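To keep things clear, I will list the structure first and then write my remarks on it.
The values are calculated or read from the model by the stated rules, or taken from the named source; none is laboratory data. Worth saying up front: this structure is predicted, and the values here are computed from it rather than measured. Cβ placement follows ideal geometry from the backbone for every residue including glycine, while neighbour counts extend to all protein chains displayed. Surface areas here come from the heavy atoms of the whole protein model, side chains and all, with no ligands, DNA or RNA. Shrake-Rupley method; radii C 1.70, N 1.55, O 1.52, S 1.80 Å.
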Amino acid sequence: MSGITPFRVLRAKPLWIANGVITGVLALLFAVFYVGANIDPADHLTKLPVGLVNADKGTAVGGKQVNLGTRIAESITKSTAGGDRIDWKVLGERELKEELGKGKLFGALVVPADFTSSVTALTGTTAAGTPARPTLTVLTNQSAGSIGSGLARTATTRAAENASLQVGKEMTARIGTAQAKLPAAARVLLADPAAVIVEDGHPLDPHSGLGLTAFYYALVLVVVGMLSANVISGQVDHALGYTHNDLGPLRLHRPLIRATRVQTLTISSTLMAGLSLLTGTLVMAGAVGIMGMDASHLPLLWLYSVCAIAVSGIGALSLLAVFGTPGMLLVTLVFIGMAVPTAGATTPIEALPGFYRFLAEFEPLRQITGGIRSILYYDAQGDAGLTRGWVMMAAGLVAAVLFGFGVLGWYDRKGLHRIPAETKPEKTAVPA
């Protein structure tokens with residue numbers, strides 16, 4: 001037996017098959033979740049919320065009141081060119097500011113108060129004058145997500161350009177042969193009268209990662225909770241004497257302290273809750289204190305961070321306790337594989353395929369990201385994602401506790417203990 005080399009295990013087919021199946025499935029699932037969700041956001045776009053404001057006061061033309069802004073707004077909302085890709089929200093200027101400030105809109109198109117008067121003034125421009133070009137304003141909102149803001153910008157810019165051409169046709173037909181009296185520059189300008197300008201609808205502080213710091217901060221919280229659960233699970237097993245603990249060339253083993261599965265999870269969860277105070281503090285200190293991330297409401301950010309780590313960690317501990325070794329793969333899929341593409345931070349939920357939108361309803365990273373985004377970008381407003389974040393974290397904690405302790409309690413009642421029989425102490429020789 002002493003001559004048997006350990007490398008003989010490489011000849012064992014079950015070793016290759018088991019590891020091949022596990023790693024292969026993991027590779028396939030990660031490719032499907034990550035790549036599949038982001039292959040073509042524009043094609044999957046459905047009802048992306050974009051604001052539409054008509055502030056135009058109109059003007060009298062030929063004895064009649066004309067409001068080109070109203071016609072533009074009606075044309076855009078009734079247009080079927082974009083199908084159901086854009087959900088145009090007709091709002092007032094104050095409402096628009098509030099909705100952008102809560103991340104409810106990815107962008108907006110604003111028709112200014114003097115639009116009609118500026119357009120009609122083109123028909124009276126003299127040769128000596130310089131034609132003044134009216135404007136249509138496209139507002140972006142990077143705080144709601146860079147890709148979503150980009151999609152909204154493309155849609156609103158196209159709508160504004162089409163509206164300008166339509167207004168040009170209408171004004172040209174209105175003045176008829178009188179356009180021949182206009183200067184050449186004015187005639188060209190009248191055909192496409194509006195200049196489209198782009199502005200930031202909800203400016204962020206410079207150290208906000210172009211609206212991505214909330215996502216990366218939330219991702220750190222989830223990863224810290226998940227990895228802490230893995231560490232705590234192993235260390236608790238070592239402390240109870242169920243496993244060895246390797247430290248470099250040293251292997252340490254403690255005397256066995258028998259504990260039920262429920263007791264073991266209770267110990268692990270207590271450690272997780274206590275240590276989340278430390279890890280949550282260090283995450284915030286690293287991001288805000290050391291790296292200089294722009295953040296306000298620091299006490300609330302700290303509390304939310306601690307709770308997010310604790311809930312993520314306890315959820316991961318429950319999966320590890322119930323499923324054992326395969327539990328770590330399941331934890332990775334739930335908290336990373338399925339979570340990152342559905343967080344709504346880079347690609348908006350409205351631009352994901354239906355299956356991913358379904359996952360986004362309960363995946364923890366999306367809920368945590370919404371709360372962090374509210375704290376960092378939207379003055380911690382409850383309806384900007386913070387209330388949903390708290391509620392979903394509480395629901396996740398309840399679900400994890402009921403699932404973990406419920407299944408483990410059943411294991412214990414069925415006698416499915418980790419070591420079925422008491423281990424007998426080894427006999428040691430007593431020197432004479």
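Quick notes on this structure:
- Computed over region 268-335, the P(r) tail beyond 18 angstrom holds 46 percent of alpha carbon pairs.
- Taking K47, K104, K78 and ordering them by how much accessible surface each has at a 1.4 Å probe, largest first, produces K78, K47, K104.
- A Cβ-based charge dipole, computed about the Cα centre of region 200-304 with Lys and Arg at +1 and Asp and Glu at -1, lands at about 680 debye.
- Lysine pairs meeting the criterion (Cα under 22 Å, 8 or more apart or interchain), as found in the chain: 17
- Relative pair counts by distance (%), Cα atoms of the chain, 10 Å bins: 4, 17, 21, 18, 14, 10, 7, 4, 3, 1, 0, 0, 0
- Heavy atoms of the protein chains alone define the surface here; on that basis the chain has 52 Å² accessible area per residue at 1.4 Å probe size.
- The chain, relative contact order in percent, only Cα pairs under 8 angstrom and at least six apart counted: 17 percent
- What a 1.4 Å probe finds exposed on region 44-86 is 48% carbon and sulfur by accessible area, rounded to a whole percent.
- Inter-label distance for V9 and H297, nm, one decimal - labels placed 7 Å from Cα along Cα-to-Cβ: 5.1 nm
- Axis of helix 298-323 versus longest Cα principal axis of the chain: the two differ by about 50°, to the nearest ten degrees.
- When the Cα positions of L352, L300, L278 are compared along the charge dipole of region 251-364, L278 comes out farthest toward the positive end, with charges on each C-beta of Lys, Arg, Asp and Glu.
- Ranked by how many other beta carbons lie within 10 Å on average, peptides 146-152, 264-270, 245-251, 57-63 from highest: 146-152, 264-270, 57-63, 245-251
- Average projected area [Cα convex hull, region 1-77], square nanometres: 9.6 nm²
- Counting only DSSP beta bridges with both residues in the chain, the antiparallel share comes to about 40 percent.
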